[in-house]
1. Can you run down the residue pairs with Cβ atoms below 9 Å, 6 or more apart or on separate chains, where the first is in segment 318-333 and outside any loop (DSSP other than H, G, I, E, B) and the partner is among the aliphatic types (A, V, I, L, M) and exposed (fewer than 12 other Cβ atoms within 10 Å of the Cβ)?
2. Taking segment 44-60, which residues are surrounded by fewer than 18 Cβ atoms within 10 Å (Cβ to Cβ) and among the aromatic types (Phe, Trp, Tyr)?
3. Residues in segment 254-264: is at least one outside any helix (DSSP H, G or I), over 32 Å from the mean Cα position of the chain (by Cα) and within 30 Å of residue 330 (Cβ to Cβ)?
4. Collect the residues in segment 204-257 that are among the acidic types (Asp, Glu) and either modelled with pLDDT of 75 or more or surrounded by 10 or more Cβ atoms within 10 Å (Cβ to Cβ) (or both), keeping them in residue-number order.
5. Taking the condition of being among the hydrophobic types (A, V, I, L, M, F, W, C) and surrounded by fewer than 17 Cβ atoms within 10 Å (Cβ to Cβ), how many residues in segment 61-84 meet it?
6. Is at least one residue of segment 194-201 within 21 Å of residue 63 (Cα to Cα), at pLDDT 85 or above, within 27 Å of the chain's Cα centre (by Cα) and assigned to a helix (DSSP H, G or I)?
7. Quickly run through segment 258-268 and pick out the residues that are of a type in the set (D, E, K, R) and surrounded by 11 or more Cβ atoms within 10 Å (Cβ to Cβ).
8. Taking residue 287 as meeting all but one of (1) free of Cβ contacts under 8 Å to residues at least 24 places away in the same chain; (2) surrounded by fewer than 13 Cβ atoms within 10 Å (Cβ to Cβ), write down the number of the exception.
Amino acid sequence: DQGEVMRGRLRMQVGMYLRELAKGTPEQDLSAAFLSYRTDDLRPLVLNRWREYLAGLSDDDPVFGPWLQLLQLNGDEFPARAGELLAAMVEQNGDLSKLAAPQSLNGAVPRWNPRVLEALQAKQPQSLLDVADAYGDVFIAVQREWMQGLTQSAEEAVSPDAVVPDEDARHASINSAVSRQLRRHLYQSGTPTAMDDALASTLLNRPVRDRTSGMGGAIEALHLNDAGSPPRAMALEEESTDQVFQVFRRGSSIDRGEEVHPRFLTVLSDKREQAFLPGQRRLGLARSITDPANPLTRRVVVNWVWQHHFGQGLVRTPDDYGTRGQSPTHPELLDY
């Protein structure tokens, strides 16, 4: 339920994220967990999703084509050129009265979404920030209409007096191809605000997330410990995406240094240039530890066996083979 609440809020906040993109807010670092959100806080994950989503659209997209084309205009020339561009798009749409009835499910749509153009022209944008606000207003209106339409449809099922005739104008805002075109960018799979419950739960306000995560933990404990729970084998699957890793200076995830690649300790391996493959970092580490060419693993095992049998290992500090540990009492025997 809370996942749907979160998605609903994000669909009402499109303008807020477009404003950040209009201001040139850089790509957000998602490696550090954000522990607390308020309802009106910007979610870095969602901002990055909008950035990537818009970058994947073409500039002839009926809804976001105007945004992408206005994005190319220079600052001083923006107001005049934006007005010219929008006027040209309206002209390209032609006479909208010649299109099929707006509530027709199969009605034709013009080249550019009329609701977007109308909002942009009414705003008379002086900058890309005004464009973001206009888009935000459009998507707020579309989301509200959809929510109200769903409520109305549900009421019709229980109250004969609430039935809305098919020809009623209210159906036009729900069924029109123009409005469906807008809702596609809010609800279709792959859009920034279409996410599963697991991802949406990471964006919840702190008090809500604490309560829901506690419930999730109780459910997981029930699955594991209930008498009727079937036995399970533990398994691990790594993400196969190629991530970028950087050195954390003094252990701080905010202060980042040079980029590095996941690989085994070079002091214990001659494979200095061989980085672990994406999705196989743990497997690569396991293979490197058990590699016959690894000089340390066998000595550690032998030392623990020796300590088990004789009370003391050949290395008196079995947990530390580094410079702070003791040297073996009989190094040649340990090597043997």
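The values are calculated or read from the model by the stated rules, or taken from the named source; none is laboratory data. Please read all numbers here as calculations on a predicted model, not as lab measurements. Don't worry about glycine lacking a Cβ; one is built from the backbone with ideal geometry, like all the others, and counts go over all protein chains shown.
1. The qualifying pairs do not exist here.
2. Result: 53, single match.
3. Residues of segment 254-264 outside any helix (DSSP H, G or I): 254-264.
Subset that is over 32 Å from the mean Cα position of the chain (by Cα): none.
There is no residue in segment 254-264 that is outside any helix (DSSP H, G or I), over 32 Å from the mean Cα position of the chain (by Cα) and within 30 Å of residue 330 (Cβ to Cβ).
4. First, the residues of segment 204-257 that are among the acidic types (Asp, Glu): 210, 220, 226, 237-239, 242, 255.
Hits for segment 204-257 are 210, 220, 226, 237, 238, 239, 255.
5. Our first condition is that a residue be among the hydrophobic types (A, V, I, L, M, F, W, C); within segment 61-84, this holds for 63-64, 67-68, 70-71, 73, 78, 80, 82.
From what is left, the residues that are surrounded by fewer than 17 Cβ atoms within 10 Å (Cβ to Cβ) are 68, 71, 80.
Total satisfying the criteria: 3.
6. Step one: filter segment 194-201 for residues within 21 Å of residue 63 (Cα to Cα), giving 194-195.
Of the ones still in play, those that are also at pLDDT 85 or above are 194-195.
Going one step further and asking which of them are within 27 Å of the chain's Cα centre (by Cα), we end up with 194-195.
From what is left, the residues that are assigned to a helix (DSSP H, G or I) are none.
Scanning segment 194-201 turns up no residue that is within 21 Å of residue 63 (Cα to Cα), at pLDDT 85 or above, within 27 Å of the chain's Cα centre (by Cα) and assigned to a helix (DSSP H, G or I).
7. Here is the first cut: in segment 258-268, the ones of a type in the set (D, E, K, R) are 258-259, 263.
Answer for segment 258-268, where residues must be of a type in the set (D, E, K, R) and surrounded by 11 or more Cβ atoms within 10 Å (Cβ to Cβ): just 263.
8. (2)
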